[in-house]
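Working notes, beginning with the structure itself.
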Amino acid sequence: MNFLTACNLGKRYGEGPSAVEAVRGVDLSVGRGEFVAVMGPSGSGKSTLLAMLGALSTPSGGSYTVDGADIGALDSEQRADFRRDTLGFVFQSFHLLPALTLLENVMLPLSVVSGNRADKTARARAALERVGLADKGGRLPGEVSGGEAERAAVARAIVNRPPLLLADEPTGNLDSSTGRHVMELLAGLSRDGVTVVMVTHSSECARYAHRILHMCDGLIAREEQVQPRFDAIPAPETVLAAAC
Amino acid sequence: MTLTDITLLNLRRRKARAAFVLAALAIGVAAVVALVSLFRSMSQGIQHGMEKYGANIMVVPRTDTLPLTYAGMDLGGVSFRVEEIRQEDVDRIRTIPSAKDLAVVGPLLLGSVDAGGTPAVLAGFDLTTAEVLKPWWRVEGRLPGSTEVMLGAVAARLLNVAPGDRLRIGDSSYPVTGTLAETGSQDDNLVISSLETARAILGRPGAVSMVEVAAHCAACPIEAIMAEIERVLPTARVTAIKQVVASRMAALEQFEGFLMGVSGILLFVGSLIVFVTVTASVRERTAEIGVFRAIGFRRSAIMGVILGEAAIISALAGVAGYAVGLGGARLLAPLFQGGAQAAWEFDPVLPLAAVTLSVALGLLASLVPAIQASRLDPTMALRTL
């Protein structure tokens with residue numbers, strides 16, 4: 001069963017002859033719990049595709065559904081609700097707010113959901129524990145390493161227990177050892193049933209995914225089925241654009 | 001973590017900017033509070049000071065008279081159906097519904113007499129009311145008692161009489177107890193006695209020529225009091241002496257217009273500073289807003305954070321502005337009132353209005369930046385990081 005389906009998804013910037021087509025008719029299906037890596041050179045349209053999958057950017061054409069819901073039909077506020085309830089974002093530059101502690105940063109997504117303060121704090125602490133930062137919640141982002149900051153960003157992304165996690169170059173600013181740690185974290189989330197779509201330049205990181213999509217000039221030029229690193233965990237069923 | 005927590009954290013994080021916005025608004029509000037307080041104090045001062053002008057209502061017998069005066073020259077007159085005021089009428093004035101607003105009711109009897117061989121006007125006053133009704137009198141000697149007289153400055157000079165002398169009126173002689181320093185009014189020409197003495201000399205027991213009334217309260221409408229007196233004295237004509245007060249109030253109204261203009265400019269400048277500062281703050285926080293949008297904040301939540309900060313700062317500015325403005329007004333009041341004692345009454349509406357005005361201006365000035373923040377494209381916002 002596909003969790004995420006994109007049909008002929010496109011994004012054009014500008015109008016007329018000067019218009020730039022960043023993404024040109026991408027077909028994509030991702031199963032629940034699947035870990036997909038998107039690779040490609042700079043300007044190939046990976047980040048634009050990720051922004052559309054995250055409902056941050058409105059497609060110029062095509063359709064996109066998540067768990068059966070037509071995301072293209074949602075208005076701005078409904079897309080915000082979709083991001084709040086369904087998505088977790090991990091950014092390359094962490095995007096942690098410097099004046100907030102790691103715990104407060106992780107609690108940010110909970111500030112727009114109902115629930116009492118104690119419950120929210122417990123959830124944020126659990127997310128920090130999940131990424132191995134249980135004892136660092138009181139630190140400011142400037143007081144921890146890049147790897148710890150990225151793991152805190154992952155904790156913020158999963159604190160709402162979203163079924164879909166989008167990551168944009170999550171190891172781009174990390175050394176290889178720290179990057180490996182973060183990738184194992186994402187792979188672990190995938191094993192727990194979270195669907196992960198990750199944009200990366202690193203083929204080493206991409207090997208943690210079940211499948212790699214190679215983008216070029218706004219199109220998926222090639223797909224590659226990868227033997228997961230975690231052999232004990234069977235890869236979820238994947239359907240390669242069969243729905244379109 | 002709630003939206004309120006985020007708002008408070010942002011304020012703590014940007015103390016200098018918050019203080020700048022607070023100061024801009026507080027100065028505007030303080031100016032308005034100070035100017036409004038000064039204006040009110042001055043108005044109340046004038047109202048309370050009305051007693052300094054003496055009587056402000058005159059009650060005279062209703063007559064049909066052709067006035068035969070020109071340029072101060074009295075050529076006589078023709079009167080028809082002259083009604084008379086009696087002492088009982090004076091007592092009825094004290095029974096009107098607004099009697100509590102009547103500070104003094106002073107009957108006066110006028111008549112012509114032969115004073116030492118010279119015709120003169122004898123005025124009999126209820127001298128117990130002189131302090132209020134004739135505050136400009138400066139007596140050399142003392143006020144006359146029973147069967148005694150006092151003279152105005154011109155009358156004393158013409159009759160060549162000084163305190164301690166005796167003045168012959170008709171067939172009797174009366175001790176002169178004092179003379180008035182020159183007032184520049186018709187009082188200078190009078191022979192003055194108590195009401196009862198005048199009635200005895202003129203042979204008109206219980207008669208009253210006119211009644212002077214001093215009505216002074218902060219807000220009593222003089223016209224209403226006049227109407228009430230006319231109802232109890234239908235044979236009398238009631239007039240108000242309000243030119244002086246009216247001219248001062250007119251000047252005050254012009255001053256009020258000026259104050260409102262200055263206040264408006266200060267508030268506009270304050271709002272402009274808030275607008276510019278909040279706009280700059282939103283621009284500075286573009287990336288942060290992008291993160292908020294990415295993790296599912298609705299536009300209304302983004303606006304709530306921005307406007308929440310503005311509301312808190314504005315409310316504090318309102319409180320600070322009220323305190324500073326009131327203090328400033330009290331310091332400045334002597335400059336505007338010539339050292340006179342200012343009239344201050346606590347008005348609970350003013351602090352409420354100051355805070356409400358401040359919050360309204362703060363929110364209004366922050367509305368456009370808040371809307372801009374809520375409409376930021378999250379993908380563009382995140383690229384700024």
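The values are calculated or read from the model by the stated rules, or taken from the named source; none is laboratory data. Computed from a predicted structure; not experimentally measured. Reconstructed Cβ throughout: ideal geometry from the backbone, glycine too, with neighbour counts over all protein chains shown.
Determine if the stretch B:279-294 includes at least one residue that is closer than 26 Å to B:GLY362 by Cβ and touching a His at 6+ places or on another chain (Cβ under 6 Å).
Yes, the stretch B:279-294 contains at least one residue that is closer than 26 Å to B:GLY362 by Cβ and touching a His at 6+ places or on another chain (Cβ under 6 Å).
Among the residues of the stretch A:99-143, write down those that are away from every other protein chain (no Cβ under 14 Å), part of a helix (DSSP H, G or I) and of a type outside the set (Asp, Glu).
Listed by number, the residues that qualify are A:ALA126, A:ARG130.
Picking from A:LEU213, A:LEU189, which residue would you name as being in contact (Cβ under 8 Å) with a residue 24 or more places away in the chain, in a helix (DSSP H, G or I) and more than 14 Å from chain B (Cβ to nearest Cβ)?
After ruling out the rest, the residue left standing is A:LEU189.
With respect to B:ASP187, determine if the residue is within 34 Å of the chain's Cα centre (by Cα), more than 19 Å from B:GLN87 (Cβ to Cβ) and of a type in the set (D, E, K, R).
Against the criterion (within 34 Å of the chain's Cα centre (by Cα), more than 19 Å from B:GLN87 (Cβ to Cβ) and of a type in the set (D, E, K, R)), B:ASP187 qualifies.
For the stretch B:108-144, enumerate the residues that are under 15 Å from B:SER172 (Cβ atoms) and of a type in the set (Asp, Glu).
B:ASP114
Residues of the stretch A:59-81 being crowded, with 20+ Cβ neighbours inside 10 Å and either part of a loop (DSSP other than H, G, I, E, B) or within 12 Å of chain B (Cβ to nearest Cβ) (or both), which ones?
Answer for the stretch A:59-81, where residues must be crowded, with 20+ Cβ neighbours inside 10 Å and either part of a loop (DSSP other than H, G, I, E, B) or within 12 Å of chain B (Cβ to nearest Cβ) (or both): A:PRO59, A:ARG79, A:ALA80.
Residue-wise test of (1) more than 30 Å from A:SER114 (Cβ to Cβ); (2) in a helix (DSSP H, G or I).
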site: B:THR239; (1), (2): yes, no
site: B:MET260; (1), (2): yes, yes
site: B:VAL291; (1), (2): no, yes
site: B:PHE297; (1), (2): no, no
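Condition (residue is among the basic types (Lys, Arg) and over 11 Å from B:GLY116 (Cα atoms)) applied to the stretch B:162-173: is it met by at least one residue?
There is no residue in the stretch B:162-173 that is among the basic types (Lys, Arg) and over 11 Å from B:GLY116 (Cα atoms).
Does B:ALA240 satisfy being surrounded by fewer than 18 Cβ atoms within 10 Å (Cβ to Cβ) and either under 30 Å from B:PRO97 (Cβ atoms) or without any contact (Cβ under 8 Å) to a residue 40 or more places away in the chain (or both)?
Considered against the rule, which asks whether it is surrounded by fewer than 18 Cβ atoms within 10 Å (Cβ to Cβ) and either under 30 Å from B:PRO97 (Cβ atoms) or without any contact (Cβ under 8 Å) to a residue 40 or more places away in the chain (or both), B:ALA240 comes out as yes.
Of the residues B:MET303, B:MET249, which single one is in a helix (DSSP H, G or I), at pLDDT 85 or above and under 30 Å from B:LEU357 (Cβ atoms)?
B:MET303
Sort out which residues of the stretch B:188-237 are part of a loop (DSSP other than H, G, I, E, B) and over 23 Å from B:PRO119 (Cα atoms), and write them in order of number.
B:GLY206, B:HIS216, B:CYS217, B:ALA218, B:ALA219, B:CYS220, B:PRO221, B:LEU233, B:PRO234, B:THR235
In the stretch B:84-167, which strands (runs of 3 or more DSSP E) lie fully inside it and hold 1 or more residues that are surrounded by fewer than 20 Cβ atoms within 10 Å (Cβ to Cβ), touching a residue at least 12 places away in the same chain (Cβ under 8 Å) and of a type in the set (Asp, Glu)?
The qualifying strands (runs of 3 or more DSSP E) are B:102-115, B:139-141.
Need pairs with beta-carbon distance below 6 Å; first residue over 13 Å from B:ARG285 (Cβ atoms) and more than 13 Å from chain A (Cβ to nearest Cβ) and within the stretch B:8-24, second small (Gly, Ala, Ser) and surrounded by 17 or more Cβ atoms within 10 Å (Cβ to Cβ); sequence gap 6+ or separate chains.
Pairs that qualify, where the first residue is over 13 Å from B:ARG285 (Cβ atoms) and more than 13 Å from chain A (Cβ to nearest Cβ) and the partner is small (Gly, Ala, Ser) and surrounded by 17 or more Cβ atoms within 10 Å (Cβ to Cβ), are B:LEU22/B:ALA317; B:ALA24/B:GLY270.
Whether any residue in the stretch A:126-140 is among the charged types (D, E, K, R), modelled with pLDDT of 90 or more and exposed (fewer than 15 other Cβ atoms within 10 Å of the Cβ) is what I want to check.
yes
It is to be established whether one or more residues within the stretch A:111-118 are closer than 30 Å to A:GLY62 by Cα, surrounded by fewer than 17 Cβ atoms within 10 Å (Cβ to Cβ), among the hydroxyl-bearing types (Ser, Thr, Tyr) and free of Cβ contacts under 8 Å to residues at least 12 places away in the same chain.
Looking for residues that are closer than 30 Å to A:GLY62 by Cα, surrounded by fewer than 17 Cβ atoms within 10 Å (Cβ to Cβ), among the hydroxyl-bearing types (Ser, Thr, Tyr) and free of Cβ contacts under 8 Å to residues at least 12 places away in the same chain, one finds none in the stretch A:111-118, hence no.
Across the stretch A:144-178, what is the number of residues that are in contact with a Leu (Cβ under 9 Å, 6 or more places away or on another chain) and part of a helix (DSSP H, G or I)?
13
Take the stretch B:277-320 and flag every residue that is closer than 25 Å to B:THR379 by Cα, away from every other protein chain (no Cβ under 14 Å) and buried (at least 20 other Cβ atoms within 10 Å of the Cβ).
Selection gives B:THR277, B:VAL278, B:VAL282, B:ILE306, B:LEU307.
Quick check, is B:VAL282 farther than 30 Å from B:ARG40 by Cβ and part of a helix (DSSP H, G or I)?
yes
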